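> Before I ask anything, let me first share the structure, which is written out below as structure tokens.
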Amino acid sequence: MKLMSIAGARPNFMKLAAIASAVQEHNGKTTATDRMIVHRIVHTGQHYDQKMSESFFDDLGIPKPDINLEVGSGSHATQTAEIMKRFEPVLLEEQPDVMLVVGDVNSTIACTLVASKVKYGKSAAGFPPSRKRPIIVHVEAGLRSFDRDMPEEVNRILTDAISDLLFVTEQSGVDNLLREGVAPEKIHFVGNVMIDTLKQHLEKAQRSNIREELQLRTAYGLVTLHRPSNVDTRETLEPLLQCLHDISQDIHLIFPVHPRTRHNMQHFGLLAKLLDNPRITVAEPLGYLDFLNLIQGAALVITDSGGIQEETTVLGVPCITLRHNTERPVTVTEGTNYLIGTDIDKILHTALEILSGRCKKGSIPKFWDGCAGKRIVDILIDHV
Ligand code: UD1
């Protein structure tokens, strides 16, 4: 089987790592050549900085991408269209049996759309193709925030609607897909590949010396912010930053700043005050192992990320999510996540409650056990 996996932006790389590792493990155990998987990796180049992309391939031991489309940044339309234009000839040339996309970024929907309409011609060797288009597989399917103002929500709905096999991380994903009329036989509840990667790398992450590098000697909180709805206007960003200043009176904060957020803070004239606060360490985006190390040691995490809600749940670290909805409800109902929104008083109150030890302990959701990648590969082999 020829499998082509797509990754484009930072949160994709952790998911790709688990797939690549499960494929390698499968090939290592298989003697029958017809059950071997040839794995090709396409990087769209949506994220391109060393810190947003390359360091993840190094940290996670992901094979170097076979193809990089180098699309870079742009408006949603430009970025999506550019990926589609550059991906189509690659797909026609490579003719994989299966194309696998992960998550909900623009690269996910762009490549899915191309694969759903492509028609393979003669293969390079002159043989007729074994199928007309690849089987499209979406990993992390079914998640819904029910907020169509989020570009990711649009990407999720559209990707799921035209994928052939849907691999789901939590029960809510199965329920959502069934409600949308997806045939039950397409849906597979396999667990969470992000957690496979976390488990595989936790020991290595514990050896990171990032806490010494940042001179962290006391308890600390960890902050990330990058959602357009939080960081793209001064009206939303300024109060959130003020709230961080307030919380920093009670606990030192580490804030690795996403390029989008840094750009906007600079633009709105909000960066200098943050840099002047000795109780907040402003850092560049961190590599996977360093960041995992910091989550594990944090007294609390404040974030608007999707994946970090899951990682904190598995590590039992309290997480305040600065959003009004989450597409990962199991992190709230079973995990350590508090969905607080952007009300400053509520954020401050919850942070103080957590710091005084009054917080939920949480439990590990079903199938977040490190074996999701293996389940996916087993199903692919059976299916193809
Ligand atoms: C994208 C994803 C989002 C994901 C996030 C993680 C979509 C719609 N959004 O949002 O779901 O949570 O990645 O980071 O796909 N930039 C750099 N270097 C880079 C990449 C980006 O400087 O390597 C800057 C560019 O100025 C760019 C801005 O960051 O304009 C935003 O990047 P973009 O990929 O468009 O969206 P994200 O906000 O990162």
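> Is there a residue being surrounded by fewer than 16 Cβ atoms within 10 Å (Cβ to Cβ), at pLDDT 95 or above and within 9 Å of the ligand (Cβ to nearest atom) anywhere in the range 89-105?
Checked against the condition, which is being surrounded by fewer than 16 Cβ atoms within 10 Å (Cβ to Cβ), at pLDDT 95 or above and within 9 Å of the ligand (Cβ to nearest atom), the range 89-105 yields no hits at all.
> Assess whether ARG40 counts as being within 28 Å of SER130 (Cα to Cα) and part of a helix (DSSP H, G or I).
Criteria not met by ARG40.
> Turning to a different aspect of this structure: Scan the range 176-215 for residues that are open to solvent by less than 80 Å² (accessible area, probe 1.4 Å) and in contact (Cβ under 8 Å) with a residue 60 or more places away in the chain and report the count.
Number satisfying all stated conditions: 18.
> Any chance the range 55-67 includes a residue that's of a type outside the set (A, V, I, L, M) and within 10 Å of the ligand (Cβ to nearest atom)?
no
> Cβ-Cβ distance below 6 Å, separation of 6 or more or different chains: which pairs start in the range 125-150 with a residue that is farther than 18 Å from ALA110 by Cα and in contact (Cβ under 8 Å) with a residue 24 or more places away in the chain and end on one that is outside any loop (DSSP other than H, G, I, E, B) and of a type in the set (Asp, Glu)?
Here the result reads SER145/GLU153; ASP147/GLU153, each pair linking the range 125-150 to a residue that is outside any loop (DSSP other than H, G, I, E, B) and of a type in the set (Asp, Glu).
> Pick from ALA110, ALA81, ALA77: which is open to solvent by less than 20 Å² (accessible area, probe 1.4 Å) and outside the structural domain of ASN293 (by TED's automatic domain parsing)?
ALA110
> Taking the conditions exactly as written (in a helix (DSSP H, G or I) and closer than 16 Å to ILE41 by Cβ), does VAL90 satisfy them or not?
So VAL90 passes the test.
> Quick one: is ARG234 open to solvent by 10 Å² or more (accessible area, probe 1.4 Å), within 16 Å of the ligand (Cβ to nearest atom) and farther than 29 Å from SER363 by Cβ?
no
> Which residue is nearest to VAL105 (Cα to Cα), if the candidates are limited to the range 48-64 and must be in a loop (DSSP other than H, G, I, E, B) and open to solvent by 40 Å² or more (accessible area, probe 1.4 Å)?
TYR48
> Checking the structure you have, find out if any residue of the range 309-324 is farther than 18 Å from GLY142 by Cβ, at pLDDT 95 or above, in contact with a Cys (Cβ under 9 Å, 6 or more places away or on another chain) and not in a loop (DSSP other than H, G, I, E, B).
Yes: the range 309-324 contains one or more residues that are farther than 18 Å from GLY142 by Cβ, at pLDDT 95 or above, in contact with a Cys (Cβ under 9 Å, 6 or more places away or on another chain) and not in a loop (DSSP other than H, G, I, E, B).
For every residue, the table says whether it meets (1) of a type outside the set (Asp, Glu); (2) within 16 Å of the ligand (Cβ to nearest atom); (3) over 23 Å from ASP196 (Cα atoms).
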position	(1), (2), (3)
ARG260	yes, yes, yes
ILE280	yes, no, yes
GLY287	yes, yes, no
ARG323	yes, yes, yes
LEU339	yes, no, yes
LEU348	yes, no, yes
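> Suppose we keep only residues that are among the hydroxyl-bearing types (Ser, Thr, Tyr) and either over 15 Å from LEU300 (Cα atoms) or part of a helix (DSSP H, G or I) (or both) within the range 344-384. Which one would you say is least open to solvent (accessible area, probe 1.4 Å)?
By that ranking, first place goes to THR350.
> Would you mind stating whether ILE302 is assigned by TED's automatic domain parsing to the domain that holds MET36, surrounded by 23 or more Cβ atoms within 10 Å (Cβ to Cβ) and in contact with a strand residue (DSSP E or B) (Cβ under 6 Å, 6 or more places away or on another chain)?
no
> Scan ALA32, ALA18, ALA7 and give me the residue that is at pLDDT below 95 and either touching a Leu at 6+ places or on another chain (Cβ under 9 Å) or not β-branched (Val, Ile, Thr) (or both).
Answer to the selection: ALA32.
> Let me ask something else about it. Kindly indicate which of THR169, THR159 is surrounded by 22 or more Cβ atoms within 10 Å (Cβ to Cβ), within 16 Å of the ligand (Cβ to nearest atom) and in contact (Cβ under 8 Å) with a residue 60 or more places away in the chain.
Going through THR169, THR159 in turn, just one is surrounded by 22 or more Cβ atoms within 10 Å (Cβ to Cβ), within 16 Å of the ligand (Cβ to nearest atom) and in contact (Cβ under 8 Å) with a residue 60 or more places away in the chain: THR169.
> Right, next: Could you tell me which residue of the range 38-47 is farthest from the ligand (Cβ to nearest atom), considering only residues that are open to solvent by less than 10 Å² (accessible area, probe 1.4 Å) and touching a residue at least 40 places away in the same chain (Cβ under 8 Å)?
VAL42
> If you don't mind, another one. Would you say ALA110 is within 14 Å of the ligand (Cβ to nearest atom), touching a helix residue (DSSP H, G or I) at 6+ places or on another chain (Cβ under 9 Å), of a type in the set (Gly, Ala, Ser) and part of a helix (DSSP H, G or I)?
yes
> Quick test for you: out of SER145, SER123, pick the one residue that is assigned by TED's automatic domain parsing to the domain that holds ALA81, part of a loop (DSSP other than H, G, I, E, B), on the phi < 0 side of the Ramachandran plot and within 15 Å of the ligand (Cβ to nearest atom).
Selected residue: SER145, the only one of SER145, SER123 that is assigned by TED's automatic domain parsing to the domain that holds ALA81, part of a loop (DSSP other than H, G, I, E, B), on the phi < 0 side of the Ramachandran plot and within 15 Å of the ligand (Cβ to nearest atom).
> Can you name every residue in the range 2-31 that is open to solvent by 40 Å² or more (accessible area, probe 1.4 Å) and away from the ligand (no atom under 16 Å from the Cβ)?
Result: LYS2, GLN24, GLU25, GLY28, LYS29, THR31.
> What are the pairs, 6+ residues apart or on separate chains, where a residue within the range 5-33 that is of a type in the set (Ser, Thr, Tyr) has its Cβ under 8 Å from a residue that is open to solvent by 10 Å² or more (accessible area, probe 1.4 Å)?
SER5/HIS39; SER5/ARG40; SER21/GLY61; SER21/GLN200; THR30/MET36
The values are calculated or read from the model by the stated rules, or taken from the named source; none is laboratory data. None of these values were measured; they are calculated from a predicted model. Don't worry about glycine lacking a Cβ; one is built from the backbone with ideal geometry, like all the others, and counts go over all protein chains shown. These area figures cover heavy atoms from the full protein model, side chains too; ligands, DNA and RNA do not enter into them. Shrake-Rupley method; radii C 1.70, N 1.55, O 1.52, S 1.80 Å.
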